[in-house]
1. Hey, rough spin-label estimate for Lys651 and Trp691, points 7 angstrom out along Cα→Cβ, what's it come to in nanometres?
2. Excluding Asn91 itself, calculate the net charge of residues whose Cβ lies under 9 Å from the Cβ of Asn91, where each Lys or Arg counts +1 and each Asp or Glu counts -1.
3. Express in nm, to one decimal, how much length is gained between Ile316 and Asn69 on full extension, taking 0.36 nm for each residue of separation and deducting their alpha carbon distance.
4. When the helix-only estimate is applied to the chain (DSSP H runs of n ≥ 4, each -39,500 (n - 2.57), divided by the residue count), what is the mean residue ellipticity at 222 nm, nearest 500 deg cm²/dmol?
5. Under Stokes-Einstein, with the Kirkwood radius over Cα pairs standing in for Rh, what whole-number D in µm²/s applies to the range 221-742 at 4 °C and 1.567 mPa s?
6. Please work out, to two decimal places, the log10 of the ratio I(q)/I(0) at q = 0.14, 0.18, 0.20 Å⁻¹ from a Debye calculation in which every Cα of the range 564-707 carries one identical scatterer.
7. Taking just the alpha-carbon atoms of the range 293-394, what radius of gyration and Dmax come out, in angstrom?
8. Cut-off is 10 Å between beta-carbons; in what order do Thr53, Thr82 appear when sorted fewest neighbours first?
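What follows is calculated from the coordinates using simple rules that are stated; it is not laboratory data. Remember, predicted model here, so these are calculated numbers, not experimental data. Because the Cβ atoms are built from the backbone with ideal geometry, glycine has one as well, and the counts that use them run over all protein chains shown.
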Amino acid sequence: MIRSIFFMALMLLGITAANARSIQGAVLSSKDSTAVAGAVCRVLSGDKAIAGTTADASGRFMLDVTSKNPLELEVGMTGFSTTRIIIEAGNKSLNTGVIYLDEGISLNEVTVRANQLSVVKGRTIVYPSASEVRASSTAISLFQKLPLAGMEANPITRTLTVDGGSPVILINGVPSTTDDLNSLQPKDIERIEFSRFTPARYADKGVTGFINITLKKRTDGGRIFAWGRSAVTTAFVDANIRASYHQGASQFTLTYSPSWRNYQDVYDNTTESYIGNDFRVDLETHDRNPFNYHYHKTQLKYDFSPSDKTLFSATISATPNFNSSRLIARTVDSEAGTYDNYNRTTSKDFSPSLDLYVRHDFNGRNSLEAQVVGTLSANDYRRDNNYWFSDGNEQAYIMNVDSRRRSLISEVNYTHTFGERTQLSGGFQNTVSHSTNTYLSTDYRPKLTENNNYAYVRLGQSIGSKVYLTLATGLKLFWINNDLNKRNFIRNLSSAQVSWNINNSWSLQGAFRYSPSIPSLTALTDYPQQTTPYLVSNGNPELKVEENFVYSLSANYSYRKFQASFQSAYSDSPNSVIDDITYSGAGLFLSQSVNSKYRRVFQNDLSLRINDIHGFGAGLYMSLTHYQTAGEGWAHKLTSFDGSISLWWNKGPYTISYWRKLPGKYLYGHTVRKDENGDALQFEWQPDKHWTVGASWMYMFDTKGTRYPSWGYSTVNPSFRERYIKHNGNMVVLSVSYSADFGSIFRTSRRQLNNSDNGSSLLKL
């Protein structure tokens, strides 16, 4: 009997030991990284504490628990904030690393995730860690540190790209502009939902990838955030100002995002030839091409959310945009000798819009969204291109156009959920626009009408607990007409994605997408104009639809503080639209868009990231791409390597970071272009919770600054061009930000429809 009892006790101890998992970490002050000795650490199962301890003199703690269920680790201390860490179900031990507590804060708890990265229904979910937030003064700098494969965050241009293209950006499902992203504070971001796979409802927008940012919720009060930067010796200025106030069920938000550039030391060196059957001319041009632009995006938004099920939003936006450039050039011409060229171009844009949106969740299974966006656009474009020849002759090529556009965009989307495994959604988009271009020099006044209709349906299906399948298809009906012709297109858009979560560390994803590209209004505009002594430019009303077939396979790995991702992708684009030049006779050449036979791209990329190693983090992105393109009587190939490197280190209020772009080459038709070069070394200091001061050194040790080389391999127009902006070399930039919050956190509802009119029917030459 005693032996049996002893044996059973040993078995119970063994079972307990097998089920036990340890939870350990360290608690430090976010102000100066000193240990918070005596911090209370509790493990909660629901509202019940099942284990507890206090941090020792070095801030370290360790707990043992036997439950396999999801748990919460609560860490707090009198005079400090309280942090809750969600512990995923399972039996694995957890090392939280360093947990930072803010001093003097007794407001809302901060909730973070022990498992920072996970793949859910084919999308990557990331919860920014406290260390990542603390080391970031802007949203872009935070995205630099996140393990989002295929995404690059450029701290110089303050933009995000996914696989080289512009992604859909949603903020609580609401606006999707880069300016909106740049106006966010990193501490306000709760989680990011990311996918390299574009959802069906956005397949018609020509975007790549998907980013949905969820903010921490507010019930009362407001906040102010102001950020600005300026170069010391160059007109390089950006700013974001955002103020919001919530009262009752209403929230008011005012955003102002100005930007200014004024570059005088901009230089172009060009060698090119125009070759026809009975004519050839060789040109060598050296010019100075200073330019200036400034825009002022202003947005006033009203949100009304009486409950979590209902959201109404009204947004008024306006962005005055002013651009000007000059070209002072000297050309050595094998036919006409040496001559001078002066070109002045100005453009003024103003596009006010009104956006009305409503969403209602009828129950846990049904939701309906509707949106209407009206836009009035005005663009005044002036270009004077003057030539002075050595024999005394003068020639001017003038383009003065006033463009006016009215558009109305409407969309409705309905979603129904069948249990926990199946979701079906569908919607319809319609864009109607009317454009009038008045060419002042000829009194030509073409009118263009556009009607774009897109209907789509999407099915999401869970297969077991680890596989998720997405199928989507849509139908696009697009037609335009002007004074000279009428065109219409009917095309299908389809996609499929399967995601397999092998275990907590590994996941695989495969995807297919068919997304034809319908020619733009600009490309279809039929209005020939001579722009240089040898070149006539025009649109092409006979353009065909460009077909795009994309296949991809990716593998993702995540273990504690390390993440890795590999993707292999292939795209085939029959009838790809390229720029082409042909000989017209009498020493004149025609430049216009045409359809080539195909454009094929083979791409393999690798992303590696490690974070929070004693405040240090690093990210590496590498891509190897092979291009093939061909047309009638010609074919080109190119293999290119590109990537980026990110390094950062944080210690208390100080952060040092470094980013470098490894520029790659891209082949489009006859032309090879190289990415903008760039790097940035940044130092930031947060003296208190309101202020951040920074200094950056951009384009380090590069006397030519930003460089943009390109090569043209056309047999009619072979060329080499290099532009460089000298002012950007060794540029020192100072930045400052201020934030203040009052009240508690706002209740928001999801918004997923986001349309805006960015179209143009003006062929600018």
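1. With each label placed 7 Å out from Cα toward Cβ, I get 2.2 nm.
2. +3
3. Extra length from Ile316 to Asn69 when fully extended: 84.2 nm.
4. -1500 deg cm²/dmol
5. 47 µm²/s
6. -0.85, -1.08, -1.18
7. 25.5, 80
8. Thr53, Thr82
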